[in-house]
Amino acid sequence: MMIPIRCFTCGKPIGDKFTDFEAKVKAGEDPGKVLDDLKIKRYCCRRMLISSVDLIDQVLPYYAQKSPPS
Amino acid sequence: MTAPKVKVLQESDDEISLQLEGVDRSYANAVRRFCISEVPSMAIDDIVILENSSVLYDEILAHRLGMVPLRTDLERYVLPERCDCGNPLGCQKCRVLLVLDATAKERPRTVVSGDLVSEDREVCPVNPNIPIVKLAVGQSVKLEAYARLGRGKEHAKWQPATASILTEGKGEGVFVLKVETSGTMPAKEIVARSIEKLEEKLKELQKEVEEKAAQ
């Protein structure tokens with residue numbers, strides 16, 4: 001649903017880096033290089049960002065219509 | 001054996017490399033392991049959810065909050081089991097209250113770790129930009145979170161060192177200990193506390209053995 005806060009394997013906090021990573025990769029930068037720049041060295045942490053898909057963005061529109069405006 | 005010697009090979013914000021000389025491999029390895037599993041750190045443990053209309057279930061929200069690394073001052077707080085308050089809910093010395101109150105009013109909003117308001121300014125999320133949950137317009141999250149000290153062996157969220165590696169150095173009986181911190185405390189403090197905890201445990205063991213031998 002959302003990016004996990006820590007790496008599943010080693011526990012390094014990676015949640016804060018995802019927005020940055022996603023924006024740079026979408027802008028056409030090489031994912032490997034972006035990860036190097038973010039100082040994510042181990043492959044356990046690198047796969048967290050590479051393989052993450054933020055599904056919450058696809059779910060939210062349905063709830064936005066459901067919840068009454070306050 | 002020569003007197004123990006320590007040399008700092010490299011030090012950065014989140015990492016430290018130490019060269020250990022004149023210590024046993026077993027001792028160096030115990031220090032490495034204690035960095036991960038025995039040095040206490042702060043993390044959210046108990047949560048009272050007052051309102052949650054977000055798309056994440058209460059337990060997922062609670063788990064995410066638990067994983068957020070918090071700044072830890074080990075001089076100021078004690079482990080709940082070592083605290084003399086005897087109160088299951090804890091006291092000023094063994095728990096910290098953090099409050100989260102967020103509503104998406106006009107546009108969708110990402111609730112981040114920086115939105116947590118702590119009663120102790122020193123105990124706050126290490127990084128204020130960790131996303132917790134996204135809210136659609138009209139949704140809100142309201143909760144009270146209680147943080148406490150805990151150890152890595154109990155749950156990985158209390159692990160102060162995210163990597164603790166011991167490698168062979170140059171020469172006999174020389175080791176290199178590399179410790180990476182999650183940000184809760186400086187890497188060099190983790191190593192210092194680790195040694196402190198190891199000594200503490202050895203003293204307990206010694207006392208136990210002496211008592212048993214005297215019987």
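The values are calculated or read from the model by the stated rules, or taken from the named source; none is laboratory data. None of these values were measured; they are calculated from a predicted model. Here the Cβ is made from the backbone with ideal geometry for all residues, glycine too, and neighbour counts use every protein chain on show. Ligands, DNA and RNA are excluded from the accessible area calculation, which covers all protein heavy atoms including side chains. Shrake-Rupley method; radii C 1.70, N 1.55, O 1.52, S 1.80 Å.
Counting only residues that are within 11 Å of chain A (Cβ to nearest Cβ) and over 21 Å from the mean Cα position of the chain (by Cα), which one in the stretch B:42-72 is most open to solvent (accessible area, probe 1.4 Å)?
Filtering first and then ranking leaves B:TYR57.
For the stretch B:181-189, does any single residue satisfy the condition of being touching a helix residue (DSSP H, G or I) at 6+ places or on another chain (Cβ under 9 Å), part of a loop (DSSP other than H, G, I, E, B), closer than 27 Å to B:LEU100 by Cβ and open to solvent by 60 Å² or more (accessible area, probe 1.4 Å)?
no
Would you pick out the residues in the stretch B:92-125 that are touching a Ser or Thr at 6+ places or on another chain (Cβ under 7 Å) and either away from chain A (no Cβ under 13 Å) or surrounded by fewer than 20 Cβ atoms within 10 Å (Cβ to Cβ) (or both)?
Correct list: B:VAL96, B:LEU98, B:ALA102, B:THR103, B:CYS124.
Condition check ((1) closer than 26 Å to B:PRO125 by Cα; (2) in contact with a Phe, Trp or Tyr (Cβ under 6 Å, 6 or more places away or on another chain); (3) at pLDDT 95 or above; (4) not polar (S, T, N, Q)) across all residues:
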position: B:ALA145; (1), (2), (3), (4): yes, no, yes, yes
position: B:TRP158; (1), (2), (3), (4): yes, no, yes, yes
position: B:GLU172; (1), (2), (3), (4): no, no, no, yes
position: B:LYS197; (1), (2), (3), (4): yes, yes, yes, yes
position: B:LEU202; (1), (2), (3), (4): no, no, yes, yes
position: B:GLN206; (1), (2), (3), (4): no, no, yes, no
position: B:VAL209; (1), (2), (3), (4): no, no, yes, yes
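Restricting to the stretch B:73-104, what's the tally of residues that are assigned to a loop (DSSP other than H, G, I, E, B) and either among the hydroxyl-bearing types (Ser, Thr, Tyr) or at negative phi (or both)?
Number of matching residues: 19.
I'd like to verify a number: residues in the stretch B:137-157 that are among the hydrophobic types (A, V, I, L, M, F, W, C), at the interface with another protein chain (Cβ under 10 Å from one of its Cβ atoms) and farther than 30 Å from B:ALA104 by Cβ, how many?
Counting residues in the stretch B:137-157 that are among the hydrophobic types (A, V, I, L, M, F, W, C), at the interface with another protein chain (Cβ under 10 Å from one of its Cβ atoms) and farther than 30 Å from B:ALA104 by Cβ gives 1.
Looking at the stretch B:167-180 only, could you name the residues that are buried (at least 19 other Cβ atoms within 10 Å of the Cβ) and of a type in the set (A, V, I, L, M)?
The answer is B:LEU177, B:VAL179.
Determine which single condition A:LEU38 fails, assuming it passes every other condition in (1) open to solvent by 30 Å² or more (accessible area, probe 1.4 Å); (2) closer than 19 Å to B:ASP14 by Cβ; (3) within 7 Å of chain B (Cβ to nearest Cβ).
With (1) open to solvent by 30 Å² or more (accessible area, probe 1.4 Å); (2) closer than 19 Å to B:ASP14 by Cβ; (3) within 7 Å of chain B (Cβ to nearest Cβ) applied to A:LEU38, the lone miss is (3).
Is it true that A:GLY32 is away from chain B (no Cβ under 13 Å) and either free of Cβ contacts under 8 Å to residues at least 40 places away in the same chain or not aromatic (Phe, Trp, Tyr) (or both)?
Yes; evaluated as a whole, the condition is true for this residue.
Go through the stretch B:149-162 and report how many residues are surrounded by 21 or more Cβ atoms within 10 Å (Cβ to Cβ) and part of a strand (DSSP E or B).
The qualifying residues number 3.
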